[in-house]
């Protein structure tokens, strides 16, 4: 099965979509907040703006992509590249587009670029996030604990493993 995926650099025109995507990632959590709908929306807008400001201030936003499937925005892939690694700053898909092979396609896209450049790939994940086991199946290994919430995981291409003696 071929998946028609396109990656487009994000622009300010993508902000409404990015907000909708961000809100979808917090949907389950928001069920437990004692806020009315207006308060939830205000909170989500504030958190979205803070996250986007942090990302654009601290990472190379030239590699922030909107993921499109059949020309429909379905997610985001925010990357940054450093001397020895590609950092996946954020990868997320709208719930209705999850478990359709798009995430696997995105990781393969990143892995191919990393292997060609002899770079590792790193990503942060919450310690108890179920997606952590999927990252491990993709070949990510625990690298370090960032704080009490996040782990840093790393994928190393086979060619680089051999040069590192792994």
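The values are calculated or read from the model by the stated rules, or taken from the named source; none is laboratory data. Source: prediction; values computed, not measured. Positions of Cβ are backbone-derived with ideal geometry, glycine not excepted, and every protein chain shown enters the neighbour counts.
Structural remarks
- Across the range 42-58, a minimum of one residue is classified as surrounded by 14 or more Cβ atoms within 10 Å (Cβ to Cβ), within 22 Å of residue 110 (Cα to Cα) and touching a residue at least 24 places away in the same chain (Cβ under 8 Å).
Yes/no per residue for (1) in contact with a strand residue (DSSP E or B) (Cβ under 6 Å, 6 or more places away or on another chain); (2) free of Cβ contacts under 8 Å to residues at least 60 places away in the same chain; (3) within 24 Å of residue 8 (Cβ to Cβ):
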residue	(1), (2), (3)
89	yes, yes, yes
118	no, yes, no
125	yes, yes, no
137	no, yes, no
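- Matching strands (runs of 3 or more DSSP E) fully within the range 67-166 where at least 1 residues are over 26 Å from residue 57 (Cβ atoms), within 14 Å of the chain's Cα centre (by Cα) and at pLDDT below 95: none
- Residue within the range 83-97 that is surrounded by 20 or more Cβ atoms within 10 Å (Cβ to Cβ), in contact with a helix residue (DSSP H, G or I) (Cβ under 6 Å, 6 or more places away or on another chain) and more than 19 Å from residue 26 (Cα to Cα) present: yes
- Residue within the range 8-17 that is touching a strand residue (DSSP E or B) at 6+ places or on another chain (Cβ under 9 Å), in a helix (DSSP H, G or I), surrounded by 15 or more Cβ atoms within 10 Å (Cβ to Cβ) and without any contact (Cβ under 8 Å) to a residue 40 or more places away in the chain present: no
- Qualifying residue in the range 96-106 (condition: out of contact with any strand residue (DSSP E or B) (no Cβ under 8 Å at 6 or more places or on another chain), more than 19 Å from residue 134 (Cα to Cα) and in contact (Cβ under 8 Å) with a residue 40 or more places away in the chain): no
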